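The values are calculated or read from the model by the stated rules, or taken from the named source; none is laboratory data. For clarity, every value in this text was computed on a predicted model and none was experimentally measured. Positions of Cβ are generated from backbone atoms using ideal geometry, with glycine treated the same way; all protein chains shown enter the neighbour counts. Note: accessible area is taken over every heavy atom of the protein model, side chains too, but ligands, DNA and RNA are not part of it. Shrake-Rupley method; radii C 1.70, N 1.55, O 1.52, S 1.80 Å.
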Amino acid sequence: WTDSVNRANKMALRAWAKETGVDLVQVNGQRRYGGPPPGWVGNPPPAGTEGVGKLYEFRLMMTFSGLNRGFAYAKYSNR
């Protein structure tokens with residue numbers, strides 16, 4: 001993360017990730033949460049699983065400076 005991101009927000013996000021055990025990765029303008037969830041067995045879900053159900057992965061779209069772009073994508077465990 002860049003140093004231009006609010007330090008308090010950055011520390012809170014790191015604490016949340018540590019507390020929940022959710023993986024958090026920021027790559028290519030996306031911040032990915034999860035994927036796979038704790039206890040997941042098997043391959044990742046196929047394309048078209050962006051619906052309603054057990055959450056597999058959540059992607060919050062970010063600017064390269066680390067700011068929220070205002071939209072996100074969710075992938076669920078099945079169609």
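Given the criteria under 16 Å from the mean Cα position of the chain (by Cα), part of a helix (DSSP H, G or I) and surrounded by 14 or more Cβ atoms within 10 Å (Cβ to Cβ), does LEU60 qualify? In short, no. Filtered by the rule that a residue be more than 8 Å from the chain's Cα centre (by Cα) and open to solvent by 70 Å² or more (accessible area, probe 1.4 Å), the stretch 9-34 gives ASN9, MET11, ARG14, TRP16, LYS18, GLU19, VAL27, ASN28.
Of the residues LEU55, LEU24, the single one that is modelled with pLDDT of 75 or more and in contact with a Gly (Cβ under 8 Å, 6 or more places away or on another chain) is LEU55.
Of the residues making up the stretch 38-57, those that are part of a loop (DSSP other than H, G, I, E, B) and either on the phi < 0 side of the Ramachandran plot or among the acidic types (Asp, Glu) (or both) number 13. Among the criteria (1) surrounded by 12 or more Cβ atoms within 10 Å (Cβ to Cβ); (2) modelled with pLDDT under 80; (3) under 25 Å from ASN6 (Cβ atoms), the one PRO37 does not fulfil is (3).
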